[in-house]
1. Give me the pairs, please: first residue somewhere in the range B:172-198 and in the same structural domain as B:Ile132 (by TED's automatic domain parsing), second residue anywhere and part of a helix (DSSP H, G or I), beta-carbon distance under 8 Å, and either six or more positions apart or on two chains.
2. Tell me, yes or no, whether the range A:135-150 has at least one residue that is touching a residue at least 12 places away in the same chain (Cβ under 8 Å) and within 16 Å of DNA strand D (Cβ to nearest atom).
3. Please go through the range A:161-193 and give me each residue that is more than 7 Å from chain B (Cβ to nearest Cβ) and either in contact with a His (Cβ under 6 Å, 6 or more places away or on another chain) or of a type in the set (S, T, N, Q) (or both), ordered by number.
4. Look through the range A:194-238, keep the residues that are within 19 Å of A:Ile128 (Cα to Cα) and surrounded by fewer than 16 Cβ atoms within 10 Å (Cβ to Cβ), and return whichever of them is farthest from the other protein chains (Cβ to nearest Cβ).
5. Tally time: how many residues in the range A:167-189 are closer than 29 Å to A:Arg149 by Cβ, in a helix (DSSP H, G or I) and modelled with pLDDT of 90 or more?
6. Could you please let me know if B:Gly37 is without any contact (Cβ under 8 Å) to a residue 60 or more places away in the chain, more than 8 Å from DNA strand C (Cβ to nearest atom) and over 29 Å from the mean Cα position of the chain (by Cα)?
7. Taking the range A:201-216 on its own, how many of its residues are at pLDDT 95 or above and in a loop (DSSP other than H, G, I, E, B)?
8. Of the residues that make up the range A:100-108, is at least one at pLDDT 95 or above and charged (D, E, K, R)?
There are 2 protein chains.
Amino acid sequence: MPKYEEIANTLRQRIKKGVYPANTLLPNQIDLVQEFGASRMTVKKAITILTMEGLVLARRGAGTKILDHSFWNKAAMPANQYDGMAADIARLGKTLTSEIIQFEVVFPTPEIQEYLMLADQEPVYEIIRLRIIDGVNTTLEHTYMPVTRAPGLTDDVLKHSVYNYLKETLHLTFAGAFRNIQADKSDEYDQKYLDCAPTDPVLEVEQVIYLDNGEPIEYSRSRNRYDRRSYTYLDVKS
Amino acid sequence: MPKYEEIANTLRQRIKKGVYPANTLLPNQIDLVQEFGASRMTVKKAITILTMEGLVLARRGAGTKILDHSFWNKAAMPANQYDGMAADIARLGKTLTSEIIQFEVVFPTPEIQEYLMLADQEPVYEIIRLRIIDGVNTTLEHTYMPVTRAPGLTDDVLKHSVYNYLKETLHLTFAGAFRNIQADKSDEYDQKYLDCAPTDPVLEVEQVIYLDNGEPIEYSRSRNRYDRRSYTYLDVKS
DNA sequence: TAGTGGTCTAGACCACTGG
DNA sequence: CAGTGGTCTAGACCACTAG
């Protein structure tokens, strides 16, 4: 782990434990340089990480202030990092189970082929899963993954965490994702599986997830019960 | 403007103009150092900006690849930077007009007071505007702004761009925003102003916008016609 | 193994904030 | 004005990729 990440981790812990209370200033960068035995550029990089996380605000001439956003406590999905739904749910102290509705191998439509940047006739997994949080049907997830990039998927993997399988077994790492979020009317499938009324809307999240070599590993469309899921994210300038 | 931003701008233009075609490699950092007369750390910072924008992918040992996401072309809102709705709409070549439904000064509720980090009895503007894109009622926007932090708001400002007023006249700059996105059933007001059916859902975006000194400048709740607006964003690791 | 990007340093100058 | 963070350099070492 790079030194700037270690410094960021240490500072983050101190902020969360109240060693540096909210609305006070962080020690200045020169002091941190001495404490951590690092150069100023390295300390600055650590502070940039905390800035992007919304934990501190650094201003030239005025020091680095610890921020407090504790009130922003909606039971919402932090949309900024992809760890898979299993990890997100676990973080909230809830339980996630999955019911496999469909699991097949098909040739992709031209649209899916383009999203996944595939050559012709490259087979993809087509997966439909119902995600159940604390016993409540919450998300209907329609996923396409190229067989060649994610070989060896099984019912067992799908029932637990695909993310963990890709990471731990296939040793793949993620570079990021594109997402599109919109509201929609519920259709028959939503009503059947999400157990919602015909007049209930759904929150649809489309995403393409990329590996660290730039190849797409997944295209998915998730339809969420409107009263069970929302997405939050933090947008920090520069 | 810092040198790394100028370099990033130059490289971005070359990518968009096809000087560096998609799926080829950027010149290596040493060459860029020589071309721009900068140090490698500075060049690296420029490349980091392009990485965060999803334009390139840099990999140790393999070079920096130009990416192609041209297919991701939904007429959606890029949710990653706040320039005000006027600027976003203009970027898409559409026209935005605004109808003021309410414009008052009130004492905030405890909830609003907390979102805006205000002392007791600090007055706030309460603004309701209907945003009309290309002649179609699209967004119903309910905004609260502290009077002391955004003094001098007028009907005229509200009809055009509040963002421009804050930036150009009051010389305020933004640090970022917290957002929460969810679907909801439309209520009477939505149906009246957004001209939608009782069964139509809405996409609700809540946000708190912060100034570069850490003070919140706005809390707002926007309700969008589900068939007219969606939000996209890019999520890049590290 | 050659070439790439990632990290790190020690020091410098500057822009900005706030008393 | 003193003190802060933002930028920049020149060079170094290393981890990684790909032929």
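1. B:Leu172/B:Leu166; B:Thr173/B:Lys167; B:Cys196/B:Asp190; B:Ala197/B:Gln191; B:Pro198/B:Gln191
2. Taking every residue of the range A:135-150 in turn, at least one turns out to be touching a residue at least 12 places away in the same chain (Cβ under 8 Å) and within 16 Å of DNA strand D (Cβ to nearest atom).
3. A:Ser161, A:Asn164, A:Thr169, A:Thr173, A:Ser186, A:Gln191
4. Once the filter is applied, the top-ranked residue is A:Asp195.
5. 1
6. yes
7. Counting residues in the range A:201-216 that are at pLDDT 95 or above and in a loop (DSSP other than H, G, I, E, B) gives 0.
8. Yes, the range A:100-108 contains at least one residue that is at pLDDT 95 or above and charged (D, E, K, R).
The values are calculated or read from the model by the stated rules, or taken from the named source; none is laboratory data. Small disclaimer: the values here were computed from a predicted structure and weren't measured. Here the Cβ is made from the backbone with ideal geometry for all residues, glycine too, and neighbour counts use every protein chain on show.
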